[in-house]
Amino acid sequence: MAIQVGDTIPNCTLTYAPFNAENPDACALPQQIQTHSAFKGKKVVLFAVPGAFTPTCSEGHMPEYAQRVGEIKGMGVDVVACVSTNDPFVLDAWGKTFNVRDSILMLSDANGEFGSAIGLVNDATKNRMGPLRLSRFAMIIDDLKVVYLGVEPARGVTVSGASSVIAKL
């Protein structure tokens, strides 16, 4: 069963390549974070994409977050994060194409631990994209509790887009 509003997010390990302002084109060695220690006591907007560099993700999902991240953080959000089953190097490169620097935390759930724990994964083998991809969703997390969850019912970006999240903040 998928996570619901009111649930506590699971404590899982995710990885990311930290942004280095001194060498912004380089990809740092991936670091691990635990969702509970990283998000405890914070208001977080977490949005998930099935795959970096894919058409809907690159044309419809990430651009709006990249453009509106300042507005989102101005509404009391401590962390804006994007999560995908891509590896941290791919997510770092994808974030660089949108110049997100350190404004959006690009989190890798390469083993699908987080997505599986919240029940929001899909088998994409029929599309030749592998057996495990995250569903497209967005959630607002307040001190580890889900206060908004928008899971896309079909292809495209509606309830998980930045505009929908902003309307719920």
Practice task
Answer yes if at least one residue in segment 42-56 is surrounded by fewer than 21 Cβ atoms within 10 Å (Cβ to Cβ) and over 21 Å from Gly161 (Cβ atoms), and no otherwise.
Solution key: yes
Practice task
For Ala66, state whether it is of a type in the set (A, V, I, L, M) and farther than 21 Å from Pro153 by Cβ.
Solution key: yes
Practice task
Would you point out the residue of segment 109-119, among those that are not polar (S, T, N, Q) and not in a loop (DSSP other than H, G, I, E, B), that is nearest to Phe137 (Cα to Cα)?
Solution key: Gly115
Practice task
Output the residues belonging to segment 23-34 that are open to solvent by less than 80 Å² (accessible area, probe 1.4 Å), under 27 Å from Leu144 (Cα atoms) and in contact with a Pro (Cβ under 7 Å, 6 or more places away or on another chain).
Solution key: Pro30
Handout entry: Filter pass, Asp87 being open to solvent by 60 Å² or more (accessible area, probe 1.4 Å), more than 17 Å from Leu149 (Cβ to Cβ), in contact with a strand residue (DSSP E or B) (Cβ under 6 Å, 6 or more places away or on another chain) and modelled with pLDDT under 95
Key = yes
Problem - Test result for Ile104, β-branched (Val, Ile, Thr), in contact with a helix residue (DSSP H, G or I) (Cβ under 7 Å, 6 or more places away or on another chain), closer than 22 Å to Arg133 by Cα and open to solvent by less than 30 Å² (accessible area, probe 1.4 Å) - result: yes
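The values are calculated or read from the model by the stated rules, or taken from the named source; none is laboratory data. Small disclaimer: the values here were computed from a predicted structure and weren't measured. Positions of Cβ are backbone-derived with ideal geometry, glycine not excepted, and every protein chain shown enters the neighbour counts. All accessible areas refer to the heavy atoms of the entire protein, side chains included, with ligands and DNA or RNA removed. Shrake-Rupley method; radii C 1.70, N 1.55, O 1.52, S 1.80 Å.
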